[in-house]
1. If we keep just the residues of the stretch 322-344 that are modelled with pLDDT of 70 or more and in contact with a Pro (Cβ under 7 Å, 6 or more places away or on another chain), which is nearest to Met396 (Cα to Cα)?
2. Can you find a residue that is surrounded by fewer than 21 Cβ atoms within 10 Å (Cβ to Cβ) and at pLDDT below 90 anywhere in the stretch 170-180?
3. Identify all residues within the stretch 82-102 that are in contact with a His (Cβ under 8 Å, 6 or more places away or on another chain) and in a loop (DSSP other than H, G, I, E, B); write none if there are none.
4. Identify the residue in the stretch 217-258 that is assigned to a strand (DSSP E or B) and of a type in the set (Lys, Arg) and, among all such residues, is nearest to Asp140 (Cα to Cα).
5. Quick one: Glu453 ticks every box in (1) modelled with pLDDT of 85 or more; (2) assigned to a helix (DSSP H, G or I) bar one, so which box is it?
6. Does Val275 count as outside any loop (DSSP other than H, G, I, E, B), of a type outside the set (Asp, Glu), over 27 Å from the mean Cα position of the chain (by Cα) and assigned by TED's automatic domain parsing to the domain that holds Asp145?
7. Among the residues of the stretch 112-124, is any farther than 27 Å from Pro433 by Cβ and surrounded by fewer than 17 Cβ atoms within 10 Å (Cβ to Cβ)?
8. Can you pull out the residues in the stretch 572-625 that are assigned to a helix (DSSP H, G or I) and of a type outside the set (S, T, N, Q)?
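The values are calculated or read from the model by the stated rules, or taken from the named source; none is laboratory data. Because the structure is predicted, anything quoted here is derived from the model rather than measured. Virtual Cβ from ideal backbone geometry, glycine too; neighbours counted across all protein chains shown.
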Amino acid sequence: MSLPAPHLDDRRFQDIVDEAKKLIPRYCPQWTDHNVSDPGVALIELFAWMTEMILYRVNQVPDRLYVKFLELVGIELFSASPARTDVVFELAAPPTEPLRIPTGTQVATDSDDDPVVFMTEEPLVCVSPTMTACLTRTADGVFADRWDDLRLATNRVPCFPSLRPGDALYLGFAESLAGNMVRLDVATSAEGAGIIPERPPRQWQAWDGHDWTPARILGDTSGGFNTPGEVTLLLPPRHEPLPVSSTRAHWLRCRLMPTTQGQPGYDVSPLLDTVVVTGLGGAVSAHHAEPAPTEYLGRSTGEPAQVFQVKRAPVLARRPDEHVRVVLPGGIASGRGAEETQDWSEVADFAETDETDRVYTWSGATGEIRFGPAVRQADGTVNRYGAVPPVDAQIMVTGYRFGGGRRGNVGAGTITSLRTSIPSVARVHNLDPATGGVDPETVDNARLRGPLELRGGQRAVTAADFERLTLAAAPGVARARCLAPQRPEDPVRLLVVPRVDVPPETLGLDDLGLSAELERTIADYLEARRLLTVRMVVDRPTYLGISIAARVRAAPGMRTETVRASAEAALYRYVNPVIGGPDGHGWPFGRDLNIGEAFALLSGVVGVLAVEEVVFFSGDLALSRGTRRTRDERLGNAVRLPEGSLFASCDHRVVVVQ
């Protein structure tokens, strides 16, 4: 329970007016007309209104002191989190020699007013593939060398020799095709008929050094190896060599997979005549950011606790080459009149430092850089935490990246502009939407977070500790729920709802999925804070689709289309795991849905005169945006929510009558 904040002055407008009128006979007895129409009374009311505004500001002082207290105990605002996506670089022609796309290559959305800029996170090398081996493998693990058959075109190569799941065709390459986009021109027969050409039971995979990782199929005109055509693949970001059947190469394989319901298999194995591999470009991960060059911040005064400010904020997490550099005036260090530079290191705080440590703190949210303070002890001595740059030393940063936030969550195919000139690149685009962009933390959120951190410290002991620390682990976490194990040997199950920025009407299961990077970030953060005897699993909740059908009566003069759109939008917002529920922070765990809530919600929609009927249906939550959602069975007037589950909107329908 929070303590009531006192009002430094609780007088209101009418109190001030009454108090002033009572003083009139004392200071101005000849003034007898105290009615509202009197000009003097009008001036008193004006004075009272202005005074009330001042008192309102005075009463905000406790809030300011509260925020300053949070600063004293080390509560800082979280910086923005950048959105990320893979950007495809398509070449104008196949490369004759390796083409390197360096780290930091800038691409942007095609907008003249305010484009959203992304930077690549690692280099990409586009190569001309050189195939050096071809193998086939049966499900029993028997390999056959087919390289001469394919290279010399003497015999056809059966892709799947035994037609059992696990059969595979292996293509070996001399160089790594990591992140490359390649086209396989295949000449084949129609021997593999029987499959659905659009859904062949096969998967392309590449060896990443640890496991076989799926390669993305961008196009396939071969009908699953039934006709001559082209197979366009995007390989994963890692492609390592592997010895397979005494042949060492960088392998790409096509593996026969088990068929699913309604998916027929091959009647006989497809036969390959020739395979020609051509490099088309590649894809690399990029994040929403813009680079800032070397920036001069000012000169040191030689005093402790100096503060400097960079020009652009929020500042993203710094890389090893992004740090503070101190330029010493000539003669200070060398005694020869030449300038020397010192590269200082960033720390989270000054708790474990002394006066010899060249360290500083850098707030990502505000861009503020602080050097170590000097603290007076009880015996009068002064302890310095961190070194201080000498007098007149020049303070600068070698560079940084700024940006991030929800603005970077752009849609698929919107990043189309290449801002860094690279020869041979014809165009760029992103196959998937950019996700993960989160705005900097607000002061109101820090005020709520501060007491939780002070109360629980940095240890994950209780379920509330796990939930609190999960929210602090990554800005991409919107909600967290910790389920205690049922048995001592079971792990703690941590359910995470990611922060998504999509319209409620199009929210699908793919938006609510947890990326491998987010899971790893949460696990690493909690690993250092959990008890040694506790095992945990990061998972996502079970999402139960709810479809609501309703009939409402529109108020006179209201268009039925407008009322229907507003009513359906209200349902999608309310039954939502991220922004729904009574408080707008996501549907609560463990809270059932009853029909009275739907009646009350629809009754509050502008233009609704009356709600005549509401019916609940179970539904299948769409796997991806834009796919149709179907209704299943009719439910009762109250829907129970199982533990570890959340409601999500499926296909709401509102009929409006006049």
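1. Checked the stretch 322-344; the qualifying residue nearest to Met396 (Cα to Cα) is Val326.
2. No: the stretch 170-180 contains no residue that is surrounded by fewer than 21 Cβ atoms within 10 Å (Cβ to Cβ) and at pLDDT below 90.
3. Pro82, Ala83, listed by residue number.
4. That would be Arg255.
5. (1)
6. yes
7. No, because not a single residue in the stretch 112-124 is farther than 27 Å from Pro433 by Cβ and surrounded by fewer than 17 Cβ atoms within 10 Å (Cβ to Cβ).
8. Tyr572, Arg573, Tyr574, Ile595, Gly596, Glu597, Ala598, Phe599, Ala600, Leu601, Leu602
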